[in-house]
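Structure first, then comments.
The values are calculated or read from the model by the stated rules, or taken from the named source; none is laboratory data. Not measured: the values here are computed from a predicted model. Note: ideal-geometry Cβ built from the backbone for every residue, glycine included; neighbour counts use all protein chains shown. Surface areas here come from the heavy atoms of the whole protein model, side chains and all, with no ligands, DNA or RNA. Shrake-Rupley method; radii C 1.70, N 1.55, O 1.52, S 1.80 Å.
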Amino acid sequence: MAEEQFVIEAQGLTQIFTPKGLPKVTALDHIDMHVRRGELTALVGPDGAGKTTLMRLITGLMAPTAGELTTVGLPVRGHEQAVQDQLSYMPQKFGLYEDLTVQENMNLYADLHGVPAAVRHQRFSHLLAMMGLERFTGRLAGRLSGGMKQKLGLACTLVRSPALLLLDEPTVGVDPLSRRELWSILQQLVREEHLSVFVSTAYMDEAALCQQVYVLNQGRMLAHGTPAELTAQARGLCYRVTPPAGSATRVLQCALLDDPAVTDAVPVGGEVHFLSKTPDGEVSLLRQWHLVPRPAKERLEDAFMLLLHADQRAQGKETQPAEAAQPVEEIHPSEQAPVDIEVKNLVKRFGDFTAVAHTSFQVHKGEVFGLLGPNGAGKTTTFRMLCGLLPATGGQLRVAGVDLRTARTQARANIGYVAQKFSLYEKLTVYENLHFFGGIYGLPPQRLEERIEAVLEEFQLTDRRDQPAASLPGGYKQRLSMAAALIHEPRILFLDEPTSGIDPLARRSFWQQITRLAARGTTIIITTHFMDEAEYCDRMMIQDHGQLLVLGRPAEIRQRMQMPQADMNDIFIAIVEQSRGEGASA
């Protein structure tokens, strides 16, 4: 019998959830799809689109409400175990055992999948070489960097040769170098082993590497096709414009997003790339500022944003700008602003290991300052010391005018903190969370109520004030985290990978909020693995192996690297690889 052409087939696939005490939720609404065998296929969509639900249905871990679904040639309903015997699934939180070594994790998963001992040596050797983990077989999984953990997770998923590999956002929280390596591995698996891979991702540059792309939003399939076919929808609508001299690109981007003639805008290569609703790129805001746009090449992300905005309009849900655009000169942070954070010769050691080595820098009031680096570079350690969550081994550290080594509690009163993982109380409502955290910060009752109403409006949470935090989509959880961190109006806001795992639409809204906060004088310190977000920073520093590699404005760093128009992803990789190359030859 001829091999099936499709590895996944869905017709009218529908999934409806009815949470107790809450309205029913249609997670998937009559989905039709045909995923071809032997290809790399991407599933993209905003937070809460239904991507993980679709993955779980394909694996047979959940039964659909209605519709037909076939996986690896088998009807999933009634054949769940047979389907699962032929596929491998790596969810967002893959279950590595951190107190076991790399080798022990692989042995365990081989045992669970019944991989014969006779084929393990060759299979393990191949996988370890492909993942670059040969030298780390004796290392505990808990001591691997984030990128290495993801590669080990993929190796454990592939201890047997599956008919289908399902990956649910495998590169969330992973640095650009590790992301590039992981996708190189996936492409190699498809090319050499003819593996069928179905992967959900928040990164449009990853989706562009696939043969087919499906776009999902609020349970509805908006479009599918090759990256080139989808990208063509944005042809003739893309433009780039250079901000006024001395102005941050995020300021111009923020204003363009509020302009009714603009669908989308994002900083790229020191400029702002935008989607015009008019074919000639005519935008009144640019005319007022005497800026002249030029046509730009369309990208997959442009088509994705067009599809999302068109769907919002069709559903009558397109959001209106929270504030009117402000003139660029009024919201650009002052070059002569006071110093809010001062770091001199900062050192952090864990036993014999030096995580941060003699780092020095300053951050000014109203500045957006980026802490960047590969997984394991020392940036999280630096970040935690700046927040007062981790004591320094040596050096001087002043935050909001207070010495953190002698008055940590006093300094914390001037700090807001948003953790990488949602850390609020999921059983409490939005309002109850804000009331609780406002009380912790000591706000008097009347002022607390005023601030709750203010942040509910600012972060567009008013309609969700009585909704339990656990039921919020990821983008709204992030908004609630921001609102709670800012309820006491801190001088300095620390953001630890705040956009990890959220889609481009939610990230646009997030950065508009950050731009307005900085304009009002809030100092922002941010870590991120989205290198395009480094474009939003006034200045940034890149660390690796505890060493400060570079510090400066994005334009200065481009000039120093002699890459004047490169995007920040390429800049980041070039800086880290150059440093590691010099270290290897020393």
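If I filter segment 336-387 down to residues being of a type in the set (Ser, Thr, Tyr), modelled with pLDDT of 85 or more and outside any strand (DSSP E or B), which single residue comes out as nearest to residue 517 (Cα to Cα)? Here the residue is 382. Looking only at segment 471-514, residues that are at pLDDT below 85, among the aliphatic types (A, V, I, L, M) and either open to solvent by 30 Å² or more (accessible area, probe 1.4 Å) or assigned to a helix (DSSP H, G or I) (or both) come to 2 in all.
The set of residues in segment 238-260 being farther than 24 Å from residue 556 by Cβ and either out of contact with any helix residue (DSSP H, G or I) (no Cβ under 7 Å at 6 or more places or on another chain) or part of a strand (DSSP E or B) (or both) consists of 238, 239, 258, 260.
On the stretch given as segment 85-137, residues that are buried (at least 17 other Cβ atoms within 10 Å of the Cβ), under 20 Å from residue 55 (Cβ atoms) and either over 32 Å from the mean Cα position of the chain (by Cα) or without any contact (Cβ under 8 Å) to a residue 60 or more places away in the chain (or both) total 1. Hey, residue 460 hits all of (1) under 17 Å from residue 482 (Cβ atoms); (2) modelled with pLDDT of 85 or more but one; which does it fall short on? In the conditions (1) under 17 Å from residue 482 (Cβ atoms); (2) modelled with pLDDT of 85 or more, residue 460 misses (2) alone. Pairing each residue of segment 369-389 that is under 12 Å from residue 495 (Cβ atoms) with any residue that is polar (S, T, N, Q) and modelled with pLDDT under 85, provided the two are 6+ apart or on different chains, yields C-beta distances under 7 Å for 370/528. Scanning segment 173-199 for residues that are in contact with a Pro (Cβ under 9 Å, 6 or more places away or on another chain) and of a type in the set (Ser, Thr, Tyr) turns up 178, 196. Considering each residue of segment 62-76 in turn, none proves to be modelled with pLDDT under 90 and not in a strand (DSSP E or B). Which pairs turn up if I take residues in segment 138-158 that are touching a residue at least 24 places away in the same chain (Cβ under 8 Å) and look for partners that are acidic (Asp, Glu) and in a helix (DSSP H, G or I) with beta carbon separation below 8 Å, at least 6 apart in sequence or on another chain? Pairs that qualify, where the first residue is touching a residue at least 24 places away in the same chain (Cβ under 8 Å) and the partner is acidic (Asp, Glu) and in a helix (DSSP H, G or I), are 147/181; 151/181. Once segment 450-464 is narrowed to residues that are over 24 Å from the mean Cα position of the chain (by Cα) and open to solvent by less than 60 Å² (accessible area, probe 1.4 Å), the residue that is nearest to residue 515 (Cα to Cα) is 454. If you go through segment 196-237 and pick out every residue that is part of a helix (DSSP H, G or I), out of contact with any helix residue (DSSP H, G or I) (no Cβ under 7 Å at 6 or more places or on another chain) and either among the β-branched types (Val, Ile, Thr) or more than 30 Å from residue 286 (Cβ to Cβ) (or both), you end up with 1. Condition check for residue 444 on (1) without any contact (Cβ under 8 Å) to a residue 24 or more places away in the chain; (2) open to solvent by less than 10 Å² (accessible area, probe 1.4 Å): one failure, at (2). Taking the conditions (1) surrounded by 16 or more Cβ atoms within 10 Å (Cβ to Cβ); (2) at pLDDT 85 or above; (3) in a helix (DSSP H, G or I); (4) over 26 Å from the mean Cα position of the chain (by Cα) in turn, residue 397 satisfies each one other than (3). Pairs linking a residue in segment 207-228 that is in contact (Cβ under 8 Å) with a residue 12 or more places away in the chain to a residue that is among the basic types (Lys, Arg) and crowded, with 22+ Cβ neighbours inside 10 Å, with Cβ atoms under 9 Å and 6 or more positions apart or on different chains, are 216/51.
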